[in-house]
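A.B. asks: This is the structure, below, for whatever I ask next.
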Number of protein chains: 2
Amino acid sequence: MGMIQRPRGTRDFLPDEMEKRRYYEAALRNVAKTFGFREVATPIFEEAELFTLKSGSNVLEELYVFKDKGNREIALRPEMTAPTIRMFVNEMSSELRPIKVFYFGQCFRYERPQSGRYREFFQFGAELIGSLDAESDAEVIAMASSMIKAFGLKNYRIRIGHIGILKQKVIDAGVPEECVVRVLQKLDKKLYDEARLLLLEMNISEEKIRDIFEFTETVGGVDVLSYVSGKTGDYLRRVSDLLLAMGVENIMIDLGVVRGLDYYTGIVFEVEAPTLGAEKQVCGGGSYTLSELFGGERVFSTGFAVGFDRAIIAAEKEGQVYEKKGVKVYVLPTSKDMQVYASRVVAKLRVANIASDIEIMGRKVSKAMRYAAAIGAEYTVIVGAKEAQQDSVMLRNMVSGEQKVVEVNNLVEEIQ
Amino acid sequence: MGMIQRPRGTRDFLPDEMEKRRYYEAALRNVAKTFGFREVATPIFEEAELFTLKSGSNVLEELYVFKDKGNREIALRPEMTAPTIRMFVNEMSSELRPIKVFYFGQCFRYERPQSGRYREFFQFGAELIGSLDAESDAEVIAMASSMIKAFGLKNYRIRIGHIGILKQKVIDAGVPEECVVRVLQKLDKKLYDEARLLLLEMNISEEKIRDIFEFTETVGGVDVLSYVSGKTGDYLRRVSDLLLAMGVENIMIDLGVVRGLDYYTGIVFEVEAPTLGAEKQVCGGGSYTLSELFGGERVFSTGFAVGFDRAIIAAEKEGQVYEKKGVKVYVLPTSKDMQVYASRVVAKLRVANIASDIEIMGRKVSKAMRYAAAIGAEYTVIVGAKEAQQDSVMLRNMVSGEQKVVEVNNLVEEIQ
């Protein structure tokens, strides 16, 4: 019989990997808390309609969908913004604004697995709900920036744009409202040939098309904002002033960023880690409204999600090393007769919150010592009959090789 | 249009609830680490076969099942022991033994939702793989006990039994091997009438039936073990000696515990919290073999899972209160002109790891103060033009009402 394998596109996380992931997760959670955001959680699956309302019915192709016992169409979540806003509409709409929440968990994408893209992947995201101004956008972008720093990343760029500018440019050129999204999607992907065909079909002149294309290439430091006139220009200048005040670095203005999604209403931003090559985006977000689609009042929000898996890869490409913490102490009875006494010793260490393991397989001292070294124990506590008679044990420092007899009552103190 | 609701039998966790859950999760993770266990994670879904191999095909009725793009039958995991052992077979089988791992996450059960039973629920569990003796069983039960204590529970019982004793008793009475599981299942559920009918069908005498029933009622302190003869009696006495040495309390011996599952091979145990009434089990486990079913070599393991949701309810029934931690500081610019300066101040606090929020909705001081009080801020930092000219802010203690002018450079020190 063959082995049962895990499903394609999924991963198992073994202890070393998992310890590293929990370390980064805790670092991000800490950043969110220092920014006054609080954690929420929603179910792994939702009614499929939640996601089609947000992203259109073609999103179904990428969803894991199945029927509920009540014959409802249920989907594993592909992202967590829609569920969070659904939760806000259902249960948090009467709370004081702004509402600042974050979340961490698995999302699912039903596509052919590729390198670095998994069917089950992890997002760490946040939503600031109920506020629409430069201050809230800056708050959210500043937090995204702090999270990227929490991964230890140094080589990254925060590209900031505004959906309104390009949208207005396209409308001003004569594109009918109902076609704007299609054009923006092509521009977002830099598919200029396809965009040109589309625009020519709409009878937009070559000159205006060139003008639009040039505009999407307006990229640079915050100084390029001096070329952007009108309210949106003022708005972006305000955001950039606030970000600089908060010490946010590596900001670029990129008026071509539209993030290919039609529900954004204002600012849009992406964080790129160039070390990752083609798949370099580690974070994306912007301001949007969704709640009215789910049966609530219309409420403005700004949010983002960090691609947790990809950000870890970027950190490692920059040479970040996470050092695992093994157990501190290995307790080693010299014979089965000493096991009960050794159990008492290990319990003492554990109550004192010292990570301690105990030999439970009845191995001889030399073999057990090799195991203790392999799991990275800093100390071994050898429990033999002679020492036990004096309520003592032999404490061995696994690094220096030193060993000495220590009274059990002094053991915790000796090790801490 | 109606609101979109979350699917039946699932929950949203709002910030207060989530903070409490993360607190308990961290406490359990800490216990696992002090016992030398390390965390692993497996996918949310697995091939359905993994679970039918473990529990038989009737488990399908309670599984969320769907077809993969490769037309494989995939199921949301109903528990995490099978996935962990599958991972062990695939990826950890050559590691040094014993392998001590733990996990925390969602599981899914496709049944009619009832009070306190959810379709999406959370388990915290552990497996000690590759060792079979009283020492490893004691290690696992001691950890389960420490986890129950980490919830703050005082009113609980650890019922310990051994599948081998009752199995032998039933076989000795004349029940054919292939019918043993069916009989044990009835006995586990205390369905004596149904068990009697079944046993009579197998031509077991009334006297022997009474004898079996009496045996399953052998319950009491560790002293009842003095009535249990043979190797299994010795084994249980050894486990109980080790548990007492490790300071484990509230142990009961219950020879009727069989946990209704046919894959257990030796010790079985359950932790009950009587405050919960009928649904009182908060933890269950035992020793088993599974790896050979999944294509690996036969390896003995002992494991358990804590019903995370139910244990929290039990803790609350005992009067445990988790106090939430709000943000520490609310930074409040007195006008829009002060926003950039205030942003600089809040960034300073956050870099110093002080949880700080900032007014971003342009509210007047009195209104913003009410918001700061509502989110539980300990301090407000009022940023006005006069103080800003002297690189200072007004620091207000929200509890005492005291306020004073503080230089920005001294602010972190003043608050910590």
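A.B. asks: For peptide B:357-367, what's the mean number of Cβ atoms from other chains within 10 Å of each residue's Cβ?
C.D. replies: 4
A.B. asks: Could you work out Rg/(2.2 N^0.38 Å) for chain B, with Rg from alpha carbons only?
C.D. replies: Cα-based Rg divided by the globular estimate yields 1.29.
A.B. asks: Cα gyration tensor of the range A:112-198, axes a ≥ b ≥ c as square roots of the eigenvalues: rounded (a/c below 1.5), prolate (a/b > b/c) or oblate?
C.D. replies: Judged from the Cα gyration tensor, the range A:112-198 comes out oblate (a/c at least 1.5, b/c at or above a/b).
A.B. asks: Kindly report the accessible area of chain B per residue (heavy atoms of protein chains, probe 1.4 Å, no ligands, DNA or RNA), in Å².
C.D. replies: With the other protein chains kept in place, chain B gives 42 Å² per residue.
A.B. asks: Right, something else. For the Cα atoms of chain B, what angle does the longest principal axis make with the long axis of helix B:365-374, in degrees from 0 to 90, nearest 10?
C.D. replies: For helix B:365-374, the angle is close to 20 degrees.
A.B. asks: Distances in nm, one decimal, shortest first, from A:Arg22 to the same residue in every other copy, taking the label point 7 angstrom along Cα→Cβ.
C.D. replies: 1.5
A.B. asks: Now a separate question. Using mean Cβ contacts within 10 Å as the protection proxy, how do A:97-104, B:195-202 order, highest first?
C.D. replies: A:97-104, B:195-202
A.B. asks: Tell me what chain B gives for mean residue ellipticity at 222 nm when only DSSP H runs of n ≥ 4 count, each as -39,500 (n - 2.57), the sum divided by the residue total, rounded to 500 deg cm²/dmol.
C.D. replies: Result for chain B, helices only: -11000 deg cm²/dmol.
A.B. asks: Next up: Tell me, what ³J(HN,Hα) does each residue in the range B:232-242 have, in order and in whole Hz, if you take phi through Karplus 6.51 cos²θ - 1.76 cosθ + 1.60 with θ = phi - 60° and put x for Gly and Pro?
C.D. replies: Ordered by residue, 3J(HN,Hα) equals 5, x, 4, 4, 5, 5, 4, 4, 5, 4, 5 Hz.
A.B. asks: Placing unit charges on C-beta atoms (Lys and Arg positive, Asp and Glu negative, everything else neutral), compute the dipole magnitude of the range B:170-323 about its Cα centre in debye, rounded to 20.
C.D. replies: It comes to approximately 120 debye.
A.B. asks: From the label point of A:Asn71, set 7 Å from Cα along Cα→Cβ, how far away are the matching label points in the other copies, in nm, ordered shortest to longest?
C.D. replies: Values, ascending and in nm: 2.7.
A.B. asks: Among the listed pairs B:Lys100/B:Lys231; A:Lys348/B:Lys33; A:Lys317/B:Lys33; A:Lys20/A:Lys100; B:Lys20/B:Lys149; A:Lys324/B:Lys328, give every one whose C-alpha distance is greater than 20 Å.
C.D. replies: Where the Cα-Cα span goes over 20 Å, the pairs concerned are B:Lys100/B:Lys231; A:Lys317/B:Lys33; A:Lys20/A:Lys100; A:Lys324/B:Lys328.
A.B. asks: Roughly how big is the protein assembly as shown's charge dipole about its Cα centre, with Cβ charges of +1 (Lys, Arg) and -1 (Asp, Glu), in debye to the nearest 20?
C.D. replies: Dipole size: approximately 600 debye.
A.B. asks: If you don't mind, there's one more thing I want to ask. Taking the Cβ of A:Phe300 as the center, what net charge do the other residues with Cβ under 13 Å away carry, scoring Lys and Arg +1 and Asp and Glu -1?
C.D. replies: -4
A.B. asks: Another one. By how many degrees, between 0 and 90 and to the nearest 10, does the Cα long axis of helix B:206-216 differ from the longest principal axis of chain B?
C.D. replies: 30
A.B. asks: Here is a follow-up. Lys and Arg at +1, Asp and Glu at -1: add these up for the other residues within a Cβ distance under 9 Å of A:Val331 and post the number.
C.D. replies: -2
A.B. asks: Give the carbon-plus-sulfur fraction of the accessible surface of the range B:213-341 in %, rounded to a whole number; probe 1.4 Å, heavy atoms of protein chains only.
C.D. replies: Of all accessible area on the range B:213-341, carbon and sulfur atoms account for 50 percent.
A.B. asks: For the range A:13-57, what class follows from the C-alpha gyration tensor (a ≥ b ≥ c being the square roots of its eigenvalues): rounded when a/c is under 1.5, otherwise prolate if a/b is larger than b/c, else oblate?
C.D. replies: Oblate.
A.B. asks: If you take each beta carbon of peptide A:64-73 and count the beta carbons of other chains within 10 angstrom, what is the mean?
C.D. replies: The per-residue average across the peptide is 3.
A.B. asks: Here's another thing I want to ask about it. Say the dipole of chain B comes from +1 at the beta carbon of Lys and Arg and -1 at that of Asp and Glu; which of B:Val31, B:Val406, B:Ile375 then lies farthest toward its positive end?
C.D. replies: Value computed over the given set: B:Val406.
A.B. asks: Also, quick follow-up: Taking a cut-off of 19 Å, what percent of all Cα-Cα pairs in the range A:190-270 are separated by more than that?
C.D. replies: 48
A.B. asks: Compare the Cα positions of A:Gly296, A:Ile354, A:Val331 along the charge dipole of the range A:233-368 (+1 at Cβ of Lys, Arg; -1 at Cβ of Asp, Glu; about the Cα centre) and return the one farthest towards the positive end.
C.D. replies: Checked the options; the winner is A:Val331.
A.B. asks: Extension gain B:Arg11-B:Tyr23, at 0.36 nm per residue separation less the Cα-Cα distance, in nm?
C.D. replies: Result: 2.5 nm gained on full extension.
A.B. asks: Hey, another quick one. Taking every pair of distinct Cα atoms and averaging 1/r, then inverting, what Kirkwood hydrodynamic radius in Å comes out for the range B:237-392?
C.D. replies: 21.2
A.B. asks: Quote the total accessible area buried by chains A and B together, excluding ligands, DNA and RNA, probe 1.4 Å, nearest 100 Å².
C.D. replies: 8500
A.B. asks: Let me check I've understood the local charge: for B:Glu111, count other residues with C-beta under 9 angstrom from its C-beta, Lys and Arg +1, Asp and Glu -1. What total comes out?
C.D. replies: Its environment carries a net charge of +3.
A.B. asks: Apply 1/(1 + (r/R0)^6) to the Cβ-Cβ distance of B:Glu49 and B:Val181, taking R0 = 30 Å, and write down the FRET efficiency to the nearest 0.05.
C.D. replies: 0.90
A.B. asks: Okay, next question. Calculate the dipole size of the range A:1-69 relative to its Cα centre from +1 charges on Lys and Arg beta carbons and -1 charges on Asp and Glu beta carbons; express the result in debye to the nearest 20.
C.D. replies: The dipole of the range A:1-69 has a size of about 220 debye.
A.B. asks: When chain A is modelled as a GNM with alpha-carbon springs shorter than 10 Å, which of A:Val257, A:Val282, A:Val222 fluctuates the most?
C.D. replies: A:Val222
A.B. asks: Right, something else. Can you classify the protein assembly as shown as rounded, prolate or oblate using the Cα gyration tensor, where a ≥ b ≥ c are the square roots of its eigenvalues, rounded means a/c under 1.5, and otherwise it's prolate if a/b beats b/c and oblate if not?
C.D. replies: prolate
A.B. asks: Please determine, in degrees from 0 to 90 and to the nearest 10, the orientation of helix A:134-150 with respect to the longest principal axis defined by the Cα atoms of chain A, where the helix direction is its Cα long axis.
C.D. replies: Long axis of A:134-150 versus the principal axis of chain A: about 40 degrees.
A.B. asks: For the range A:1-159, what is the convex hull (Cα atoms) projected area averaged across all directions, in square nanometres?
C.D. replies: Taking a quarter of the hull surface, the average projection is 13.1 nm².
The values are calculated or read from the model by the stated rules, or taken from the named source; none is laboratory data. All values derive from a computational prediction rather than experimental measurement. Neighbour counts are summed over all protein chains in view; Cβ atoms, including those assigned to glycine, are modelled from backbone coordinates with ideal geometry. Note: areas computed on protein heavy atoms with side chains; ligands, DNA, RNA excluded. Shrake-Rupley method; radii C 1.70, N 1.55, O 1.52, S 1.80 Å.
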